[in-house]
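Undergrad: Take this structure, written in structure tokens, and hold onto it; I'll ask about it next.
Read the figures in this text as sums done on the coordinates, not as results from a lab. Predicted, not measured: the structure shown is a model, and the values here were computed from it. Because the Cβ atoms are built from the backbone with ideal geometry, glycine has one as well, and the counts that use them run over all protein chains shown.
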Amino acid sequence: MTAGFGNGILYMKKELLKRFQQPVIGNNSLDGFPAFQSSEEIAFNMRSFEVGHFAYASFLNMANALKEIQQIGIAQINERVQSLLSYLYKQLGDKILFSFASESRSGIVLLEGNSKWQEELLKQKIATTARGKGLRVGLHFYNQQEDVDKLADALKNLANGEV
């Protein structure tokens with residue numbers, strides 16, 4: 001979401017809560033000061049999943065990311081990502097490990113590669129993540145076709161044994 005790290009959002013119907021056991025007993029599963037409560041007074045509700053403390057800087061990052069997404073528009077972002085994906089498929093289609101129909105594609109693609117390639121790509125300032133027998137690449141609205149070209153050239157060089 002371009003909001004950095006430290007945020008997690010869990011949203012579910014109250015009826016589904018009954019299917020879970022209380023994960024932990026923490027500050028947010030208690031009402032009031034914990035020292036005055038017995039174990040019978042510990043509530044199990046959605047706040048029980050809020051362990052630790054709030055990352056307020058991350059909340060601000062998320063708020064700004066959501067504002068930016070709203071300004072650009074979800075449809076425009078999706079259109080941009082789909083355009084970049086089409087370009088990636090043209091450049092690296094034979095290197096894509098899992099292919100989906102265009103209407104089902106997300107900006108995350110798994111390409112042929114390995115952890116050694118990931119290290120070499122990082123040296124070229126290309127961020128990927130090694131996953132199983134491949135490299136996960138994520139495209140978003142801020143990427144350019146030149147980014148895809150740079151990735152394609154680097155992967156071709158790695159496949160040819162050039163570093």
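Undergrad: Using 1/(1 + (r/R0)^6) with R0 = 41 angstrom and r between the beta carbons of residue 145 and residue 56, what's the FRET efficiency to the nearest 0.05? Present the calculation step by step, with values, prior to reporting the outcome.
TA: Values: r = 37 Å, r/R0 = 0.91.
FRET efficiency, residue 145 to residue 56: 0.65.
Undergrad: Could you list the residues of the range 82-111 with an amide nitrogen less than 11 Å from a label point located 7 Å from the Cα of residue 159 in the Cα-to-C-beta direction?
TA: So the set is 91-97.
Undergrad: Moving on to the next point. For the range 95-112, take each phi angle, set θ = phi - 60°, evaluate the Karplus expression 6.51 cos²θ - 1.76 cosθ + 1.60, and give the result in whole Hz per residue in order, putting x for glycine and proline.
TA: Per-residue couplings from phi come out as 9, 7, 7, 10, 10, 10, 4, 4, 6, 10, 7, 10, x, 9, 10, 9, 10, 4 Hz.
Undergrad: Let me ask something else. What are the lysines whose alpha-carbon lies under 26 Å from the alpha-carbon of residue 133, with same-chain residues fewer than 8 places away excluded?
TA: 90, 95, 116, 123, 125, 150, 156
Undergrad: Going by Cα centres, the range 118-134 and the range 140-163 are how many Å apart?
TA: So the two Cα centres are separated by 11 Å.
Undergrad: With a ≥ b ≥ c the root eigenvalues of the C-alpha gyration tensor of the range 41-106, is it rounded (a/c under 1.5), prolate (a/b larger than b/c) or oblate? Don't skip to the end; give the middle numbers.
TA: Working: a/c = 3.26, a/b = 2.00, b/c = 1.63.
Prolate, since a/c reaches 1.5 and a/b exceeds b/c.
Undergrad: I've got another one for you. Order 75-81, 116-122, 10-16 from most to least packed using the mean count of other Cβ atoms within 10 Å.
TA: Descending packing order for the listed peptides: 116-122, 75-81, 10-16.
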